[in-house]
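Q: What follows is a structure written as structure tokens; I'll ask about it next.
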Amino acid sequence: MSDSKIHNFLENKIVKSFIAYSIFRAFYGFGILIVTYFIDKETIIPWWLFLIFSMIFSRVLFKKIKKRKEMDNTL
């Protein structure tokens with residue numbers, strides 16, 4: 001019975017979305033840390049300006065990925 005509950009929990013659309021978003025943020029966040037370090041050390045661009053741009057860009061990128069995945073699931 002517990003396998004069924006776990007399976008039902010993991011099949012929930014909200015849980016799947018949360019897991020996908022968490023994985024996306026983990027990889028994207030690591031990449032942003034590396035890029036921010038090099039921008040801070042090698043350019044005159046303020047690091048905080050880049051991070052603001054990154055926050056906006058990540059939202060737009062994730063929405064496009066999510067929309068594309070939803071379109072693939074309907075086929």
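Q: Which pairs do you get when a residue that is touching a residue at least 24 places away in the same chain (Cβ under 8 Å), found in region 30-52, comes within reach of a residue that is assigned to a loop (DSSP other than H, G, I, E, B) and among the basic types (Lys, Arg), reach meaning Cβ atoms under 7 angstrom, with the pair 6+ apart or on two chains?
A: none
Q: Can you tell me which residue within region 31-48, out of those that are under 20 Å from the mean Cα position of the chain (by Cα) and hydrophobic (A, V, I, L, M, F, W, C), is farthest from Ala20 (Cα to Cα)?
A: Trp48
Q: Failed condition for Pro46, given (1) surrounded by 11 or more Cβ atoms within 10 Å (Cβ to Cβ); (2) at pLDDT below 85; (3) out of contact with any Phe, Trp or Tyr (no Cβ under 8 Å at 6 or more places or on another chain); (4) more than 17 Å from Ile65 (Cβ to Cβ), with all others met?
A: The single condition Pro46 does not satisfy is (2).
Q: Just give me the residues in region 23-43 being touching a helix residue (DSSP H, G or I) at 6+ places or on another chain (Cβ under 9 Å) and under 18 Å from Ile65 (Cβ atoms), in sequence order.
A: Once the filter is applied, which keeps residues that are touching a helix residue (DSSP H, G or I) at 6+ places or on another chain (Cβ under 9 Å) and under 18 Å from Ile65 (Cβ atoms), region 23-43 yields Phe24, Arg25, Tyr28, Gly29, Ile32.
Q: Could you go through region 13-28 and let me know if any residue there is more than 18 Å from the chain's Cα centre (by Cα) and loosely packed, with under 10 Cβ neighbours inside 10 Å.
A: no
Q: Assigned to a helix (DSSP H, G or I), among the aliphatic types (A, V, I, L, M) and touching a helix residue (DSSP H, G or I) at 6+ places or on another chain (Cβ under 8 Å): is that true of Ala20 in this structure?
A: Judged against the criteria, Ala20 is a match.
Q: Still on this structure, I have one more. Are there any pairs with C-beta distances below 8 angstrom linking a residue in region 1-20 that is over 16 Å from Phe62 (Cα atoms) to a residue that is assigned to a helix (DSSP H, G or I) and basic (Lys, Arg), with the two at least 6 apart or on different chains, and if so which?
A: Listed by first residue and then by second, the contacts come to Leu10/Lys16.
The values are calculated or read from the model by the stated rules, or taken from the named source; none is laboratory data. Just so it is clear, the structure is predicted and the values come from calculations on it, not from any experiment. Cβ sites come from the backbone with ideal geometry, for glycine too, and all protein chains shown count toward neighbours.
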